[in-house]
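Below you'll find the structure, written out as structure tokens, and then a few comments.
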Amino acid sequence: MRNMGPWIFDANRHRRLVVAAPHPDDETLGAGGIIAEASRRSLPVVVVSLTDGEAATDEVGLGDRRHGELLASLRCLAPPGVQRVVRCRLPDGGLSERREELIAILRSETDAGDLLLAPLYCDGHPDHDAVGTAALSLAAQPGIDVGFFPIWAWHWHDPSVSVVAAGGRRIELSPASSAAKARALACFVSQTCGADPVLPHHFLDRFGDSYEVVVQP
Ligand SMILES: [Zn+2]
């Protein structure tokens, strides 16, 4: 894996960071540290929250609860004046049937000078793959840089053949950004707590590292 050095952004090129999240928590797991680093540089951050993640369990009202957790998480990563959330309310679990809509949403929320980050197009979860594939289609658009963060790929890919190992670049996080990410992840109580959490400790361990990884097309 190549090291990108201390920072991913090109100050002469990027105006905003746009992060596409299939479910509330993906933006924090995959790019929370990068969001915090962008905020420290006063770079505006837009999180495109595609679903509310309402199908993760059968809890009544889970979508609203998870959206609230997302807002709380982002407050840990960046002040309200720097970040904003676009709530799309697409169906959790149904994004692979919404490919054209995903492309249209991402097109409308990105502009020249943006760095767009999305889950890896081959992450292994159908919603993640659909959003990553939609983002990949924007990579040819002039002035937009696109990168991909692994979530489930950390656990499901064979490292000997994974695009993460072959093309991933390490983004080193400052101690302050790592700490902000830890506080942000703690906001997702609905996913991380209880007797049988959706995101168990052995899954979360990987996301406590002092770096994040971005794969570039
Ligand atoms: Zn997800």
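Please find the FRET efficiency linking E101 to A140, where r is the Cβ-Cβ separation and R0 is fixed at 25 Å, and quote it to the nearest 0.05. List each step's numbers first, then the result.
Working: r = 19 Å, r/R0 = 0.77.
That gives a FRET efficiency of 0.80.
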* To do: Give the long-range amide H neighbours of V86: residues separated by 5 or more places, or on another chain, with amide H under 5 Å away, using H modelled in the peptide plane at 1.01 Å from N.
  => V47, V48, S49
* For the stretch 206-217, just list the computed ³J(HN,Hα) in residue order, Karplus coefficients 6.51, -1.76 and 1.60, θ = phi - 60°, integers in Hz, with x standing in for Gly and Pro. => 4, 8, x, 5, 8, 8, 10, 10, 10, 9, 9, x
* **GluC sites (Glu not before Pro) restricted to the stretch 56-134 and DSSP loop, no more than 16 other C-beta within 10 Å** => E59
* Asked: At q = 0.11, 0.12, 0.18, 0.20 Å⁻¹, what base-10 log of I(q)/I(0) does the Debye formula yield for the stretch 46-164 when every alpha carbon is treated as an equal point scatterer in vacuo?
  -> -0.40, -0.48, -1.06, -1.25
* Most mobile of L204, L50, L138 per a Gaussian network model of the chain (Cα springs, under 10 Å)? -> L204
* When Lys and Arg each count +1 and Asp and Glu each count -1, what net charge do the other residues less than 10 Å away from I171, Cβ to Cβ, add up to? -> -1
* Structure fact -> A chain fully extended from A11 to A165 at 0.36 nm per residue, minus the present Cα-Cα distance, gains in nm 52.8 nm
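Sorted from largest to smallest, which semi-axis lengths in Å does the alpha carbon gyration tensor of the chain give for its equivalent ellipsoid, taking the root of 5 times each eigenvalue? Walk me through the intermediate numbers first.
On the way: eigenvalues 102, 76, 69 Å².
Each semi-axis is the square root of five times an eigenvalue, giving 23, 20, 19 Å.
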* To do: Could you work out the relative contact order of the stretch 1-94, using alpha carbon pairs under 8 angstrom and six or more residues apart, expressed as a whole percent?
  => 33 percent
* Relative contact order for the stretch 2-215, counting Cα pairs under 8 Å that sit 6 or more residues apart, in percent -> 27 percent
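Translational diffusion coefficient, Stokes-Einstein: compute it for the stretch 39-96 using the Kirkwood radius over C-alpha pairs as Rh, at 10 °C and 1.306 mPa s, and state it as an integer in µm² s⁻¹.
129 µm²/s
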* Asked: So what's the gap between the Cα centers of the stretch 163-201 and the stretch 140-158, to the nearest angstrom?
  -> 16 Å
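Throughout, read-outs are computed from the coordinates displayed, never taken from laboratory work. Since the structure is predicted, the reported quantities are computational estimates derived from the model, not experimental observations. Cβ: placed from backbone, ideal geometry, glycine included. Neighbour counts: every protein chain shown.
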